[in-house]
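The values are calculated or read from the model by the stated rules, or taken from the named source; none is laboratory data. As the structure is a prediction and not an experimental result, all values here were calculated from the model. As a convention, Cβ positions derive from the backbone with ideal geometry for all residues, glycine included, and neighbour counts pool all protein chains shown. When the accessible area is computed, the model is the full protein with side chains, heavy atoms only, and any ligands, DNA or RNA have been set aside. Shrake-Rupley method; radii C 1.70, N 1.55, O 1.52, S 1.80 Å.
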Amino acid sequence: MDETARLQGKQIAAYERRGPFWGRLRQFAAVVAFAVGIVGATLVLDTVASFYPGTGVVTSTPAQRPAEATVEDCRRVGPVSGDGFGFWWHCAVTVRTDDGREVRTVVGHSTVTPDDRGEPVEFREVCHGKGNTDCRYGRPAWRIWALALAALGMVRTGLVVLLLILMGVYLLRTVVGVPRYYAWVNRRGRSRRWR
């Protein structure tokens, strides 16, 4: 309790030393830094995820079915895109499944490249949803990659939630000022203890 009060006192003193304008500007700078952190972390994690060429299925159900893809048109995206940092290929492919269906789709993350044109590419198909209508396509890949990718997704979600909470706290401190913020927090804390 004493450590918390000491920390609050230091922050209030630093805020009052700067004055209301500069103190609030500093709090807002933290909000901007957290927003940049969300964008930067998302792009870095998207970049790591883009190296995975598979379908993203971790479990054995639904089953991955063998397929064959023919690469058609490709376009290059980057240096910053939904695939993260760097230049990546998004290619239109025609996928022929074992049951004779032909599906035209676009795959990203350089799963295939223009160099794959002219020869069949070994693919996998995984379908979800009602009537198996939501299908994903990719190259054969170890399930451990998909598991690592799922763990990375949980890390990303946790990090984004943490940074959003910090943005909210610092935005509130920007609007009301640090002394009023801590007065409100301490008042709420005392009222909870008396319940």
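Things to note:
- Test for P114: is it over 21 Å from A146 (Cβ atoms), outside the structural domain of G158 (by the TED database) and either touching a strand residue (DSSP E or B) at 6+ places or on another chain (Cβ under 8 Å) or at pLDDT 90 or above (or both): yes
- Matching entry among R124, R136 (being open to solvent by 80 Å² or more (accessible area, probe 1.4 Å), of a type in the set (D, E, K, R) and modelled with pLDDT of 85 or more): R136
- For the stretch 160-174, the candidate set comprises residues that are open to solvent by 60 Å² or more (accessible area, probe 1.4 Å) and either touching a residue at least 24 places away in the same chain (Cβ under 8 Å) or under 14 Å from the mean Cα position of the chain (by Cα) (or both); within that set, the residue that is farthest from T97 (Cα to Cα) is L171.
- Taking the criterion of being open to solvent by 30 Å² or more (accessible area, probe 1.4 Å) and either in contact with a Phe, Trp or Tyr (Cβ under 8 Å, 6 or more places away or on another chain) or among the basic types (K, R) (or both), the only residue of the stretch 82-98 that qualifies is R96.
A quick yes/no check of all residues on (1) open to solvent by 70 Å² or more (accessible area, probe 1.4 Å); (2) charged (D, E, K, R); (3) within 25 Å of A14 (Cβ to Cβ); (4) without any contact (Cβ under 8 Å) to a residue 24 or more places away in the chain:
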{"residue": "W145", "(1), (2), (3), (4)": "yes, no, no, no"}
{"residue": "A151", "(1), (2), (3), (4)": "no, no, no, yes"}
{"residue": "G158", "(1), (2), (3), (4)": "no, no, no, yes"}
{"residue": "V176", "(1), (2), (3), (4)": "no, no, yes, yes"}
{"residue": "R180", "(1), (2), (3), (4)": "yes, yes, yes, yes"}
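- The stretch 33-55, subset outside any helix (DSSP H, G or I) and hydroxyl-bearing (S, T, Y), residue modelled with the lowest pLDDT: T55
- Among the residues of the stretch 98-117, the ones that are over 19 Å from P79 (Cα atoms) and touching a residue at least 40 places away in the same chain (Cβ under 8 Å) come to 2 in all.
- Residue under evaluation E102, criteria (1) surrounded by 11 or more Cβ atoms within 10 Å (Cβ to Cβ); (2) touching a strand residue (DSSP E or B) at 6+ places or on another chain (Cβ under 7 Å); (3) over 21 Å from L43 (Cα atoms), criterion not met: (1)
- The condition of being more than 25 Å from M167 (Cα to Cα), among the basic types (K, R) and touching a residue at least 24 places away in the same chain (Cβ under 8 Å) holds for R65.
- Some residue of the stretch 13-32 being at pLDDT 90 or above, under 21 Å from the mean Cα position of the chain (by Cα) and not aliphatic (A, V, I, L, M): no
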